[in-house]
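Novice: One structure, pasted below without further comment.
The values are calculated or read from the model by the stated rules, or taken from the named source; none is laboratory data. Because the structure is a prediction, the values reported are computed rather than measured. Virtual Cβ from ideal backbone geometry, glycine too; neighbours counted across all protein chains shown.
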Amino acid sequence: MEDDTKQTTAWLTAPILLSYALFGTLPFWIEAVGLYHYLGAEILIWVIFALGYNLLLGYTGLPSFGHGAFLGIGAYAFGLAQFEVWPNLWFCLAAAVVVTGLFGAATALFLSHRRGIYFALMTIAFGQIYFFIASKWTDVTHGEDGLLNIARLPVTLGPVELPTAGNVEFYYLCFAVYAVLVVVLWRLTNSPYGRVLRAIKQNETRVAFVGYPVTLYKWSVFTLSCAVAGLAGGLFAMAQEGAYINVMSLQWSGIIVLMVLIGGGFVSFWGPVLGVVLYFVARDVLGAYTETWLLWFGLMFMALVMFKPQGLAGIWQDLVRRTASRRRRLPAPATEAEG
Amino acid sequence: MALFEARGLHKRFGAQVVLEEINLAFEAGQLSGIMGPNGAGKTTCFNVLTGRYKPDRGSVRFDGADITGMAPHRIVARGISRSFQIMNLFDEYSALDNVVIALPQVRARGFSVTHALDADTDARDRAEAVLDRVGLKGRERVNVRSLSYGERRALEIGVALATEPRLLFVDEPTAGLGTGATARLAELIRELKRHTTIVMIEHDMRFLFSLADRISVIHWGQVIAEGTPEELRENPWVRRSNLGGLA
């Protein structure tokens, strides 16, 4: 995103197709590389969460440090919809999206006229408020115990009913959601709306002075980002077969920021995806060797922030640019397709 | 009646009164200048007139309607635009995209998630025309950070112009420019003046006096003198404060 402002009109791009190919075949090779199917589902759920989160952080430049709360709200909403209303997959996922979106919309009313550090502090405050409500309102959330026995609901398509109880089946449900969502978000970020968001990140004042209601844009993108978090939360509740409070904590809200930054959410649409994959692979691969893997991951994060704040995607873009310019023996043009 | 009128504007920051009592009127089709020493409140005055700050007292009217304390985007929608003294551009965007986003037709579709902006040749043509007007033809695809200082100053005006204002506020357009660039800017403003009502803060007296139809002198948060450049050359206030520097 950094140098180029070229927006694509394509619905499916090479990186999207590549991600389809990789994630679509993942169950066939993930065990061969020593990992397991459930990890694949976990990765996709966090990818969905991270892509939505990056609308705020990477595109609009709004740092939310309480976003884990919305993942949690989505999970509880999914579970409660299943237990109390109608155990149908589409209905429960829709409930997770709508309820979380409403919480986001209400929260954003207090945030959308704020900037910078004040915005960030308010997101922490709201994240903590929701965390404590979830921990104390035990009639609804069952507090520290969590909402147990949330079922992996089958996919109903007319007369056809596909089970999602197994990890591979459930993985493909997550993949289907990812496949649709990634195209929606790609179009969104390449639309006029996405361009306004990126302009807000660069210069909020000027956006107002060329006539845009900045507060309304910030409100809408916060709400949208929360709705996506709710979707991820609904899937997360199914993955874990329960809704637990820990993801709503400040620590987990920090981890999503870390994933998105390390991947390069500021410079690329794909940054969050890279960051999530790196995080989970590091957790499982480093974690197999040492209990202190998070320390190493943290050090890696620090090194990146110090030497390459554009993250993995930034390193990738540098490589592409360097090879391209070497091939042509010319400096890379200022505008090239977004990758 | 004047196109734009400010009555009794008062603005304080904490204990410091920056605008004491500002009364201004700008006529349609004219270029009105604002001058005054450093710290006189010129930029604050601009900020109040264009909606960046709300005045503590007083009123601002544009085209017969009260716009006091209105949010900037609403003021822009009514046909007022401004450029900034300290440059306020979109640094990650090309010159062209800085202008594209300011076009009213793009703004009208700001919430669109389906419109393909890069396939919008009409928007591109209009934006290219704006860049041509401000002397940036051939620099459309250049990233803002790669433009020269003078080019960015021109783009600063281009972005304001792209909103298609009826009234354009320009804050110290010559700041930091060399003689050549200042001369080109004078040409540009002379050309803009034919179609747009302009209000300009300017330090460079020669520049301002050669372009303005009327000038207001602001000092101590008040308008201490007002008139045509000829009248002001003779004004004892202006002479005494050595603001003219033209004698």
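Novice: If B:R107 meets every condition in (1) at the interface with chain A (Cβ under 7 Å from one of its Cβ atoms); (2) closer than 29 Å to B:F4 by Cα; (3) touching a helix residue (DSSP H, G or I) at 6+ places or on another chain (Cβ under 8 Å) apart from one, which number is that one?
Specialist: Every listed condition holds for B:R107 apart from (3).
Novice: Exactly one condition in (1) among the hydroxyl-bearing types (S, T, Y); (2) in the same structural domain as B:C45 (by TED's automatic domain parsing); (3) in contact (Cβ under 8 Å) with a residue 24 or more places away in the chain is false for B:Y149; which is it?
Specialist: Checking B:Y149 against (1) among the hydroxyl-bearing types (S, T, Y); (2) in the same structural domain as B:C45 (by TED's automatic domain parsing); (3) in contact (Cβ under 8 Å) with a residue 24 or more places away in the chain, the one that fails is (2).
Novice: A further question on this structure: What are the pairs, 6+ residues apart or on separate chains, where a residue within the range A:26-47 that is without any contact (Cβ under 8 Å) to a residue 40 or more places away in the chain has its Cβ under 7 Å from a residue that is exposed (fewer than 15 other Cβ atoms within 10 Å of the Cβ)?
Specialist: Within 7 Å, the pairs are A:I30/A:Y36.
Novice: Run down B:A28, B:A123 and say which single residue is part of a helix (DSSP H, G or I) and over 21 Å from B:E172 (Cβ atoms).
Specialist: B:A123
Novice: Let me ask something else. So which of A:G271, A:G298, A:G265 is over 28 Å from A:I150 (Cα atoms) and over 18 Å from the mean Cα position of the chain (by Cα)?
Specialist: None of the other options fit; the residue is A:G298.
Here's the yes/no breakdown for (1) assigned by TED's automatic domain parsing to the domain that holds B:H195; (2) at positive phi; (3) assigned to a loop (DSSP other than H, G, I, E, B):
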residue: B:P37; (1), (2), (3): yes, no, yes
residue: B:P55; (1), (2), (3): yes, no, yes
residue: B:R74; (1), (2), (3): yes, no, no
residue: B:F84; (1), (2), (3): no, no, yes
residue: B:G110; (1), (2), (3): no, no, yes
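Novice: Take the residues in the range A:73-94 that are surrounded by fewer than 22 Cβ atoms within 10 Å (Cβ to Cβ) and not hydrophobic (A, V, I, L, M, F, W, C); name whichever of them is nearest to A:N246 (Cα to Cα).
Specialist: A:E84
Novice: Here's something else I'd like to know. Given the conditions (1) β-branched (V, I, T); (2) surrounded by fewer than 16 Cβ atoms within 10 Å (Cβ to Cβ); (3) not in a helix (DSSP H, G or I), which single one is not true for A:V267?
Specialist: Here A:V267 clears every test but (2).
Novice: Going by what's in this entry, would A:S253 be described as of a type outside the set (A, V, I, L, M) and out of contact with any His (no Cβ under 6 Å at 6 or more places or on another chain)?
Specialist: The answer is no for A:S253.
Novice: Residues of the range A:173-184 being within 14 Å of chain B (Cβ to nearest Cβ) and out of contact with any Phe, Trp or Tyr (no Cβ under 8 Å at 6 or more places or on another chain), which ones?
Specialist: Once the filter is applied, which keeps residues that are within 14 Å of chain B (Cβ to nearest Cβ) and out of contact with any Phe, Trp or Tyr (no Cβ under 8 Å at 6 or more places or on another chain), the range A:173-184 yields A:L181, A:V184.
Novice: I'm trying to understand the selection: among the residues of the range A:57-88, which are aliphatic (A, V, I, L, M) and either out of contact with any helix residue (DSSP H, G or I) (no Cβ under 8 Å at 6 or more places or on another chain) or within 12 Å of A:I256 (Cα to Cα) (or both)?
Specialist: A:L57, A:A69, A:L71
Novice: Then there's this: For the range B:58-98, name all the residues that are of a type in the set (S, T, N, Q) and away from every other protein chain (no Cβ under 12 Å). Don't jump to the end; show me each part of the working.
Specialist: At the first step, the residues of the range B:58-98 found to be of a type in the set (S, T, N, Q) are B:59, B:68, B:81, B:83, B:85, B:88, B:94, B:98.
Result: B:S59, B:T68, B:Q85.
Novice: Of (1) at pLDDT 95 or above; (2) more than 9 Å from chain B (Cβ to nearest Cβ); (3) more than 15 Å from A:L93 (Cβ to Cβ), A:P213 satisfies all except one. Which?
Specialist: Exception for A:P213: condition (2).
Novice: Further, regarding this structure: Is there a residue in the range B:133-141 that is out of contact with any Asp or Glu (no Cβ under 8 Å at 6 or more places or on another chain), assigned to a loop (DSSP other than H, G, I, E, B) and within 9 Å of chain A (Cβ to nearest Cβ)?
Specialist: yes
Novice: Please identify the pairs in which a residue from the range B:27-54 that is closer than 26 Å to B:E230 by Cα has its Cβ atom under 7 Å from the Cβ atom of a residue that is among the basic types (K, R) and outside any strand (DSSP E or B), counting only partners at least 6 apart or on another chain.
Specialist: Listed by first residue and then by second, the contacts come to B:L31/B:K193; B:I34/B:K42; B:G36/B:K42.
Novice: Of the residues in the range B:55-77, how many are of a type in the set (K, R) and touching a strand residue (DSSP E or B) at 6+ places or on another chain (Cβ under 6 Å)?
Specialist: 2
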